[in-house]
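The values are calculated or read from the model by the stated rules, or taken from the named source; none is laboratory data. Remember, it's a predicted structure, so these values are computed and weren't measured experimentally. Cβ placement follows ideal geometry from the backbone for every residue including glycine, while neighbour counts extend to all protein chains displayed.
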Amino acid sequence: LPLRLIFSLSWQAKMSKPVQAQRLEGIDKNIWVEFVNLAATYSKVNLGQGFPDFPPPDFLKEAFVRAVSGQSQALHQYTRAFGHPPLVKVLAQFFGKLLGRDLDPMTNVMVTVGAYQALFCCFQAFVEEGNEVIIIEPFFDCYEPMVRMAGGTPVFVPLRLKAPEAGRLMSSADWELDPAELASKFSERTKAIVLNSPNNPLGKVFGRRELEAVARLCVRHGALCFSDEVYEWLVYDGRQHLRVASLPGMWERTVTIGSSGKTFSVTGWKVGWAVGPDRLLRHLRTVHQNSVYHCATAAQEAVAQGFQRELELYGKPESYFMQLPRELGQKRDSLVQSLAAVGMKPIVPEGTYFLVADISEFKSDVPEDPSSDEPYDSRFAKWMVKKKGLAAIPFSAFFCDAHKSSHSHFLRFCFAKEEATLKAANDILQAWKREKSSS
Ligand code: PMP
């Protein structure tokens, strides 16, 4: 064979070997990357990705400005790897009070790059080949690929929709966790369960009975619990957010995850945290010190000051953690009305700043396409942002592949938006409705 051909064949053979690690197989698509792009290109009103379009509280912005413009040069440099001391101290005080136990800021709290990194640390620290991790559907989409990247196998258990009484709007409380079905998923292979209350996307706030069922099963099977509580302050109508780590037998096996992004309306700051016993957190620290190592110092300093203020105002009406849900509750009601008025049936959320609505009545706008692999709601959401300028997220994105098609006639809307944004969304929906009734 001519030398050139031999070179070319051996080059081709080399290139046919995949360049990427096998653990990335099947997890290359990401709903946020796709829909954030679409919203940026087409939307007039963006109720898609979950972030507030109103400003964060002044006291927090001022704390950040002080951190970067003050005399302390140290705030521009590295701080302690596992969390800026003032922040871990106040988080330990704050969550110690909520959980009714003394927390050591150095061993029971770790600061992370948003809740995302806290989750990533959990999966990397505790999950390996042969382990199963139970995920309750619908779920915040990153849990599944994070389990897979760690070599584990996700096992899904759905919330089941109980039909509401006639004449009443659906509520996130109508989606229930069946304790028998949950129990059937636990086995000796179960390493952990991921709990997310209040739940993104439904806004469900898990009740005591459901959490106790989770706790009993975790204790019985020696499983861990990764409790994603980033929406802990966003609960409505007098509902109470319960912390699974406070239930009997759960502190020792739970990592509780939070985020200043949701807590103080600063999703771009990416300051999150994990709280738990040292026997678990020491392994999170191992992952953290060998990956990101450290989070932005000035942002941590500002969040520490924010928490200091909230600690002093705890339970008082001026507390931001009381004020934010009051304001968001009104926004929720306003979006519920807008959607219900045009025939998109909203599921009224008990918590979070998301609202899921049934789009069945709008199906005539986008025909079903049995030849398409894409879930119907995904096609609908793309059509809606391109034709109507309104961005939302398909509900099926929050289910595993096998269950997407049976949950593909809903959209998730974010209502953490200025009044003007919600009004603009209402105008689009009303005009759309008029168009439909005149055609
Ligand atoms: N968990 C849930 C349930 C979320 O909705 C989000 C953000 N959308 C995160 C974690 C990630 O939070 P952060 O932005 O702090 O990384």
Being over 17 Å from residue 303 (Cβ atoms), more than 8 Å from the ligand (Cβ to nearest atom) and surrounded by 22 or more Cβ atoms within 10 Å (Cβ to Cβ) is the filter here; which residues of segment 105-123 pass it? 108, 120, 121, 122, 123
Search result, residues across segment 169-221 that are farther than 29 Å from residue 336 by Cβ and either in contact (Cβ under 8 Å) with a residue 40 or more places away in the chain or touching an Asp or Glu at 6+ places or on another chain (Cβ under 6 Å) (or both): 182, 185, 186, 187, 189, 190, 191, 192, 193
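Might you check whether a residue that is over 13 Å from residue 38 (Cα atoms), of a type outside the set (Gly, Ala, Ser), outside the structural domain of residue 265 (by the TED database) and in contact with a His (Cβ under 7 Å, 6 or more places away or on another chain) occurs anywhere in segment 411-424?
Initial filter on segment 411-424 (over 13 Å from residue 38 (Cα atoms)): 411-424.
From what is left, the residues that are of a type outside the set (Gly, Ala, Ser) are 411-415, 417-419, 421-423.
Cutting the leftovers down to outside the structural domain of residue 265 (by the TED database) gives us 411-415, 417-419, 421-423.
When the remaining residues are screened for being in contact with a His (Cβ under 7 Å, 6 or more places away or on another chain), the result is none.
Scanning segment 411-424, I find no residue that is over 13 Å from residue 38 (Cα atoms), of a type outside the set (Gly, Ala, Ser), outside the structural domain of residue 265 (by the TED database) and in contact with a His (Cβ under 7 Å, 6 or more places away or on another chain), so the answer is no.
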Residue check, residue 102 against (1) assigned to a loop (DSSP other than H, G, I, E, B); (2) within 16 Å of the ligand (Cβ to nearest atom); (3) not aliphatic (A, V, I, L, M), all met but one. Which one? (2)
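Take segment 124-143 and flag every residue that is outside any loop (DSSP other than H, G, I, E, B) and either within 13 Å of the ligand (Cβ to nearest atom) or crowded, with 23+ Cβ neighbours inside 10 Å (or both). Working first, answer last.
Step one: list which residues in segment 124-143 are outside any loop (DSSP other than H, G, I, E, B), which gives 124-126, 132-137, 143.
Once the filter is applied, which keeps residues that are outside any loop (DSSP other than H, G, I, E, B) and either within 13 Å of the ligand (Cβ to nearest atom) or crowded, with 23+ Cβ neighbours inside 10 Å (or both), segment 124-143 yields 133, 134, 135, 136, 143.
Applying the selection to segment 373-408, what residues are of a type in the set (A, V, I, L, M) and either within 20 Å of residue 355 (Cβ to Cβ) or assigned to a strand (DSSP E or B) (or both)? Break it down into steps so the answer makes sense when it comes.
Step one: list which residues in segment 373-408 are of a type in the set (A, V, I, L, M), which gives 381, 384-385, 390-393, 397, 402.
If the condition is that a residue be of a type in the set (A, V, I, L, M) and either within 20 Å of residue 355 (Cβ to Cβ) or assigned to a strand (DSSP E or B) (or both), then 381, 384, 385, 390, 391, 392, 393, 397 are the ones that fit.
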Residues of segment 254-287 satisfying the condition of being more than 14 Å from the ligand (Cβ to nearest atom), touching a helix residue (DSSP H, G or I) at 6+ places or on another chain (Cβ under 6 Å) and not β-branched (Val, Ile, Thr): 277, 283, 284
Hits in segment 1-34 - residues which are surrounded by 12 or more Cβ atoms within 10 Å (Cβ to Cβ), within 16 Å of the ligand (Cβ to nearest atom) and in a helix (DSSP H, G or I): 31, 32, 34
Restricting attention to segment 35-53, report how many residues are farther than 18 Å from residue 140 by Cβ and assigned to a helix (DSSP H, G or I). 6
What number of residues in segment 81-94 are away from the ligand (no atom under 16 Å from the Cβ) and either touching a His at 6+ places or on another chain (Cβ under 8 Å) or under 17 Å from residue 229 (Cα atoms) (or both)? 4
Any residue that is assigned to a loop (DSSP other than H, G, I, E, B), surrounded by 11 or more Cβ atoms within 10 Å (Cβ to Cβ) and not assigned by the TED database to the domain that holds residue 392 - is there at least one of those in segment 83-94? yes
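Let's see how each residue does on (1) surrounded by fewer than 22 Cβ atoms within 10 Å (Cβ to Cβ); (2) closer than 27 Å to residue 322 by Cβ; (3) more than 16 Å from the ligand (Cβ to nearest atom):
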residue: 216; (1), (2), (3): yes, no, yes
residue: 222; (1), (2), (3): yes, no, yes
residue: 225; (1), (2), (3): no, no, no
residue: 233; (1), (2), (3): no, yes, no
residue: 244; (1), (2), (3): no, yes, no
residue: 249; (1), (2), (3): yes, no, yes
Only one of these conditions is not met by residue 291: (1) in contact with a Cys (Cβ under 9 Å, 6 or more places away or on another chain); (2) away from the ligand (no atom under 15 Å from the Cβ); (3) of a type in the set (Ser, Thr, Tyr). Which number is it? (2)
Qualifying residues in segment 323-354 (those that are in contact with a helix residue (DSSP H, G or I) (Cβ under 6 Å, 6 or more places away or on another chain) and either among the small types (Gly, Ala, Ser) or under 18 Å from residue 229 (Cα atoms) (or both)) - the one modelled with the lowest pLDDT: 343
